[in-house]
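Notes for the one structure printed next.
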Amino acid sequence: MGINNILAVITIILVGISFSFIFKGLFLELFKNGILTKKDSIFVLTTTILVFIVYTFLEKLHH
């Protein structure tokens, strides 16, 4: 893994943590009202992981 990929992973993690702190109240309200469910959380997590895998694959093809 090159330095660019490592920096990209670190950036994604930091942005995700910042996003969760900033919008924590919003997410709690959506879960409390039943707008978001546990299945939605699993779907978003799975989608994020798949997007990261595809990004890594395409980045390897590019270089």
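Every number here is computed from the coordinates shown, using simple stated rules; none is lab data. Since the structure is predicted, the reported quantities are computational estimates derived from the model, not experimental observations. Counting neighbours? That spans all protein chains shown, and the Cβs are built from the backbone with ideal geometry, glycine included.
With r as the distance between the Cβ atoms of ASN5 and LEU45 and R0 = 22 Å, compute the FRET efficiency 1/(1 + (r/R0)^6) and round to 0.05. E(calc), rounded to 0.05, equals 0.60.
Report, in order of residue number, the helices in the chain meeting two criteria: a C-alpha extent of 15 Å or more along the helix axis, and a mean Kyte-Doolittle hydropathy of at least 0.0; treat each whole DSSP H run as one helix.
Details: long enough: 3-22 (28 Å, 2.26); 38-62 (36 Å, 0.92).
Helices meeting the span and hydropathy rule in the chain are 3-22, 38-62.
Starting from the Cα gyration tensor of the chain, take the square roots of the eigenvalues, sort them a ≥ b ≥ c, and report rounded, prolate or oblate (rounded when a/c is under 1.5, otherwise prolate if a/b is larger than b/c, else oblate). If you can, show how the numbers build up before the last one.
Details: a/c = 5.35, a/b = 1.97, b/c = 2.71.
Judged from the Cα gyration tensor, the chain comes out oblate (a/c at least 1.5, b/c at or above a/b).
In the chain, helices alone account for a calculated mean residue ellipticity at 222 nm of -29000 deg cm²/dmol, with every DSSP H run of four or more residues adding -39,500 (n - 2.57).
Of the residues ILE49, ASN33, HIS62, the one whose Cα sits farthest towards the positive end of the charge dipole of the stretch 3-62 is ASN33 (charges of +1 on Lys and Arg Cβ, -1 on Asp and Glu Cβ, taken about the Cα centre).
Give, rounded to the nearest 20 debye, the magnitude of the charge dipole that the chain has about its Cα centre when Lys and Arg contribute +1 at Cβ and Asp and Glu contribute -1 at Cβ.
Charge dipole of the chain: 160 debye, to the nearest 20.
Partner lysines whose Cα lies under 21 Å from the Cα of LYS24, excluding those fewer than 8 positions away in the same chain, are identified as LYS32, LYS38, LYS39. In terms of other Cβ atoms within 10 Å, LEU30, LEU61 run from fewest to most in the order LEU61, LEU30.
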